[in-house]
Amino acid sequence: MERNKNFIADLLEIETPAFVVDKQSLEKNLSILETVKRRTGCHILLALKGFAMFKVFPLLRETLDGVCASSQDEAKLGREEFNKEVHTFSSAFSESEFEAVIRFSDHVVFNSFNQWKRFRPRLSAVKHKISCGIRVNPEHSEGTVPMYDPCGKGSRLGVKREDFDENALAGISGILFHTLCEQNSDALERTVTVVERSFGKYLHDFSWVNFGGGHHITRKDYDLDRLCKIIETIKNTYKVEVYLEPGEAVALNAGVFVASVLDIIKNDMPIAILDTSAATHMPDIFEMPYRPHIIGSDEKGCKPYSYRLGGMSCLSGDVIGEYSFDQPLNIGDRLIFTDMAHYTMVKTNTFNGIRLPSILLYHTENRYMETVRVFGYEDYKMRLS
Ligand SMILES: Cc1ncc(COP(=O)(O)O)c(C=O)c1O
């Protein structure tokens with residue numbers, strides 16, 4: 001409680017907009033992941049697509065076995081900054097990208113047998129050992145949002161059972177499946193049952209199975225015992241190594257985003273314009289879509305003072321949401337958005353030339369707010385011609 005009070009007081013002092021990652025919360029998540037590793041002997045990778053704050057990689061690498069990458073640049077970042085195992089999957093590699101991917105990766109996972117057959121000859125020229133796999137599509141949906149359902153109708157992700165080419169498996173050491181999004185281990189259990197039914201007979205000949213991401217392992221109500229049982233069963237039945245590659249679970253509730261009120265205007269209702277933007281700093285508000293929580297706020301109308309919170313961009317719909325507060329908002333007030341370390345930070349952009357938020361790291365033990373990165377004009381300019 002005292003820790004929280006201090007953290008919030010310190011957040012009210014910083015320059016905004018900024019992401020603030022809390023080192024102690026990251027450590028708490030890592031200790032849960034460490035327990036899963038210890039109990040089961042599985043391998044856990046950080047999905048860089050979800051969290052790529054490389055300043056904290058030295059801390060993460062004490063527990064995690066490496067990273068999973070989705071492109072040559074994530075693979076390179078993983079090699080340069082994490083430097084443990086690098087596993088790379090893409091829905092399709094280009095010739096030039098593949099060159100870089102194999103340079104930096106230990107595992108490469110192909111999305112089709114076409115891609116595997118096309119790139120297989122290139123692997124013999126590589127000096128280090130690369131373990132290859134195929135992503136399978138278990139045709140089993142656990143999610144309700146089509147945008148986040150890799151097994152939905154017409155999905156381009158993974159090879160279905162009917163297309164699994166058992167004559168092209170020489171050189172393939174494992175399979176990857178990814179079906180979950182922010183889910184508990186009961187959803188994993190159902191998925192694994194289907195995977196075993198469709199692909200079980202091949203698993204005996206493989207050396208690893210990658211369970212993908214979407215496991216909300218560090219959430220309070222997550223059923224760790226069930227997860228450990230599933231991993232142990234698969235390991236023992238097929239004599240394979242099991243990999244998990246969570247992104248979100250690594251940084252869940254480990255960071256906030258702080259913004260300030262720049263102006264307050266009125267059009268049908270009070271509107272507070274913040275020094276941020278949903279379009280540039282929190283695009284998942286539209287894409288996911290979701291409503292971030294702000295400390296001390298509630299839904300519109302639940303507390304005495306309601307506001308529409310708007311962003312700085314030209315987009316008419318650049319609205320974070322409608323919130324209510326106990327006190328009226330004033331220019332200069334800080335708003336603290338919770339659980340913003342994963343995905344939000346990696347998805348920012350500079351539309352309208354809006355400057356990227358700074359990135360800070362909070363050290364609870366001495367209340368030190370470390371400025372890791374402040375962005376400027378050059379970061380905007382270098383993305384353009
Ligand atoms: C193949 C794969 N692995 C891992 C992840 C990470 O998922 P999460 O951050 O939800 O754990 C994703 C997310 O889309 C993915 O597609």
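Here, each number is a calculation from the coordinates, and none is a lab measurement. Since this is a predicted model, take the numbers as computed values, not measurements. A quick note on method: Cβ atoms are made from the backbone with ideal geometry, for glycine too, and the neighbour counts reach across all protein chains shown.
The table that follows gives values for the structure above.
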read-out	value
Rg/Rg_ref, segment 197-238, where Rg_ref = 2.2 N^0.38 Å and atoms are Cα	1.35
Additional length obtainable on full extension of the chain from Ser385 to Ala9, 0.36 nm per residue less Cα span	131.2 nm
Kirkwood-type radius of segment 272-385, with distances r between different C-alpha atoms, in Å	15.5
Distance from segment 228-283 to segment 1-52 (C-alpha centre basis), Å	12
Pairwise label distance in nanometres, Ser70 with Asp186, each label 7 Å out on the Cα-Cβ vector	2.8
Centroid-to-centroid separation of segment 63-83 and segment 333-356 [C-alpha atoms, Å]	23
Extension gain (nm, one decimal) between Ser207 and Arg334, 0.36 nm per residue minus Cα-Cα	40.6 nm
Segment 24-250: relative contact order in percent, alpha carbon pairs under 8 Å with at least 6 residues between	21
Stretch gain in nm, segment Val346-Val374, where the contour uses 0.36 nm per residue and the Cα spacing is subtracted	8.6 nm
Per-residue HN-Hα couplings for segment 214-231 [Karplus 6.51, -1.76, 1.60; θ = phi - 60°; Hz; x = Gly/Pro]	x, 8, 8, 4, 8, 7, 3, 8, 6, 8, 5, 4, 5, 4, 4, 5, 4, 4
Normalised alpha carbon radius of gyration of segment 266-309 [divisor 2.2 N^0.38 Å]	1.25
Burial ranking of peptide ranges 295-302, 25-32 (average Cβ count within 10 Å, highest at the top)	25-32, 295-302
Helical contribution to [θ] at 222 nm, DSSP H n ≥ 4, -39,500 (n - 2.57), averaged over the chain, rounded to 500	-7500 deg cm²/dmol
Calculated FRET value between His293 and Glu99, using beta carbons and R₀ = 45 Å, to 0.05	0.55
Exposed-site-free run, longest, the chain (rule: chymotrypsin sites (Phe, Trp or Tyr not before Pro); DSSP loop; at most 15 other C-beta within 10 Å)	1-289
Prolate/oblate/rounded label for the chain (Cα gyration tensor, a/c 1.5)	prolate
